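Novice: There's a structure below that I have some questions on.
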Amino acid sequence: PPPPPLLDSVPPPPVPGNLLAPPPVFNAPQGLGWPQVPRGQPAFTKKKKTIRLFWNEVRPFEWPCKNNRRCREFLWSKLEPIKVDTSRLEHLFESKSKELAVSKKTAADGKRQEVIVLDPKRSNAINIGLTVLPPPRTIKIAILNFDEYALNKEGIEKILTMIPTEEEKQKIQEAQLANPDVPLGSAEQFLLTLSSISELSARLHLWAFKMDYETTEKEVAEPLLDLKEGIDQLENNKTLGFILSTLLAIGNFLNGTNAKAFELSYLEKVPEVKDTVHKQSLLHHVCTMVVENFPDSSDLYSEIGAVTRSAKVDFDQLQDNLCQMERRCKASWDHLKAIAKHEMKPVLKQRMSEFLKDCAERIIILKIVHRRIINRFHSFLLFMGHPPYAIREVNINKFCRILSEFALEYRTTRERVLQQKQKRANHRERNKTRGKMITDSGKFSSSSPAPLSPPQGLSYAEDATEHENMKAVLKTSSPALEDATPVLGVRTRSRASRGSASSWTMGTDDSPNVTDDAADEIMDRIVKSATQVPSQRVVPRERKRSRANRKSLRRTLKNGLTAEEARALGLVGTPELQL
């Protein structure tokens, strides 16, 4: 390019007929015109690379509005040129970081080189994000077509953090022009691909709103539905009414007052109040009275599930989410208008317009539902006795949490009370039969014998036969006492009298011997029936022998000693051995 004109030289006059004046050159004398420098041609020659000022250049001299007074006189045309010290500025604003940033990176194998422009931290973050994203070519096509199958919600949120700034875009382009033969790094190439997409930020925000809407709407609608169901459950719950009436009666007695109601926030303190004798909680006594007076009452906790779910929701945050949905929907309309100015398929534009229109209608309906349910909750507080001036200060989350925790404590206490009640009933039942025979109890009484079906089988026939024999023995025992005659067909045995008792019994009657014989026969039958083995056991069970080689005295006396054992004991030739 030709050298810049000297500052003292007079610039040539503009060519006649040229309506557009050339751009001005700084440091030219005022009123002498501006030298004509081609667009893009630097006005100064720099020996060092300096930092850039990323401003947006305006060209008011090129505006085709000569008839307007404002277009004929610009602020910039009235400014006086300033003489600057170019060498000092070049020294002060020398770009050292850019020279370090734009470097050629040699790969580990020494064959490939890459141009690295970005900061190492930024480059590493982008490279890490690329590991969970599709290829850059696929990403560009997916963003242009809003393809949900190629890019999911997490991918969109990741790309939103990687949008290149104008400065990064300028650095990458300059580095690519300066080193056309060296490829860019992966992070730089990805940012360059993203920068080639028109209205990138608008597309991503619109797409993110489209993918988030269903989840966000559900997060707002479901808690509102739970709150409505919880209000209905509390209004129609009988057990809660029993508990509150019992607690009110106890409180009026203890306080010596005649209160008609109390705030439900006191339920939080009921488990903490203890009696002074047994140290039982007030909730325990309330639960005991409710169980005794209202047997059809429930555990309360299982009937207010919606209140328990509402206790986990921050309704202030829910209202903020609803307002944020409205703001994002309005911003999405602006994003769609900005995208429509560039290339966009008519079918895609129509689809996104219908989606945003449907979202706007649903958000309006959701705001109406939210307002009505909150008003319904305030009416419920009035129904529960809260003063009108304080209902708007009641936190919904805290109110539901107090009721839910109280219901949980009540269920635990109720289970304990029912267990104690059952134990006392069992104890009373045991006391009724204490000291009595088992046949005197109701289970074994013979007042109303139940008819039994006759058992079947071979074993029963044998038992029946034995039973008949036993009955015959018992029947014949009583006549024997009177007649002292032996019973035919029954085996008897006499017992020899011992000592001096036999001397006087010989002269007396033989009836005692007959009685003893009958008793012995009965005992033999009883022992035989008690020791009788079931019919399945044919072979008698052999006694399990011990592993140890033990010798018993009984077996030794029965079998005798061997010659070796006798010799060891020194009994050879003694009379004990012969005996």
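Novice: Restricting the search to region 139-155, which residues are farther than 21 Å from residue 347 by Cβ and part of a helix (DSSP H, G or I)?
Specialist: Just the residues of region 139-155 that are farther than 21 Å from residue 347 by Cβ, to begin with: 139, 152-155.
Result: 139, 153, 154, 155.
Novice: Could you grab the pairs with beta carbons closer than 6 Å, sequence gap of 6+ or different chains, first residue in region 138-155 and hydrophobic (A, V, I, L, M, F, W, C), second one in a helix (DSSP H, G or I)?
Specialist: Taking only residues 6 or more apart or on different chains, the pairs are 143/203; 146/207; 150/138; 150/142; 151/142.
Novice: Tell me, please, whether a residue that is under 48 Å from the mean Cα position of the chain (by Cα), at pLDDT 80 or above and open to solvent by 70 Å² or more (accessible area, probe 1.4 Å) can be found in region 102-117.
Specialist: no
Novice: Give all pairs with beta carbons closer than 8 Å in which a residue from region 120-133 that is under 15 Å from residue 168 (Cβ atoms) and open to solvent by less than 50 Å² (accessible area, probe 1.4 Å) meets a residue that is among the acidic types (Asp, Glu) and not in a helix (DSSP H, G or I); count only pairs at least 6 apart in sequence or on separate chains.
Specialist: So the pair list comes out empty.
Residues are listed down the side, and each one gets a yes or a no for (1) farther than 25 Å from residue 383 by Cα; (2) modelled with pLDDT under 90; (3) among the β-branched types (Val, Ile, Thr):
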| residue | (1), (2), (3) |
| --- | --- |
| 211 | yes, yes, no |
| 217 | yes, no, no |
| 224 | no, no, no |
| 230 | no, no, no |
| 236 | no, yes, no |
| 246 | no, yes, yes |
| 254 | yes, yes, no |
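Novice: Got at least one residue in region 234-257 being open to solvent by 70 Å² or more (accessible area, probe 1.4 Å) and either touching a Lys or Arg at 6+ places or on another chain (Cβ under 9 Å) or under 23 Å from residue 147 (Cβ atoms) (or both)?
Specialist: No, region 234-257 contains no residue that is open to solvent by 70 Å² or more (accessible area, probe 1.4 Å) and either touching a Lys or Arg at 6+ places or on another chain (Cβ under 9 Å) or under 23 Å from residue 147 (Cβ atoms) (or both).
Novice: Output the qualifying pairs, or none if there are none: Cβ atoms under 6 angstrom, residues six or more apart or on different chains, first residue in region 413-437 and within 11 Å of residue 287 (Cβ to Cβ), second residue at pLDDT 85 or above.
Specialist: Here the result reads 413/283; 413/284; 413/287; 414/287; 414/299; 417/287; 417/288; 417/291, each pair linking region 413-437 to a residue that is at pLDDT 85 or above.
Novice: Scan region 157-176 and tell me whether some residue there is aliphatic (A, V, I, L, M), touching a residue at least 40 places away in the same chain (Cβ under 8 Å) and not in a helix (DSSP H, G or I).
Specialist: For region 157-176, residues aliphatic (A, V, I, L, M), touching a residue at least 40 places away in the same chain (Cβ under 8 Å) and not in a helix (DSSP H, G or I): present.
Novice: Read through the list (1) at pLDDT 65 or above; (2) open to solvent by less than 100 Å² (accessible area, probe 1.4 Å), then give the number of the only condition that residue 98 fails.
Specialist: It fails just one condition, (1).
Rundown of residues vs (1) in a helix (DSSP H, G or I); (2) among the hydrophobic types (A, V, I, L, M, F, W, C); (3) modelled with pLDDT of 85 or more; (4) assigned by the TED database to the domain that holds residue 381, yes/no style:
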| position | (1), (2), (3), (4) |
| --- | --- |
| 402 | yes, yes, yes, yes |
| 444 | no, yes, no, no |
| 463 | yes, no, no, no |
| 480 | yes, yes, no, no |
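The values are calculated or read from the model by the stated rules, or taken from the named source; none is laboratory data. Since the structure is predicted, the reported quantities are computational estimates derived from the model, not experimental observations. We place every Cβ from the backbone using ideal geometry, glycine too, and count neighbours over all the protein chains shown. Areas reflect the complete protein model, heavy atoms only, side chains present, ligands, DNA and RNA absent. Shrake-Rupley method; radii C 1.70, N 1.55, O 1.52, S 1.80 Å.
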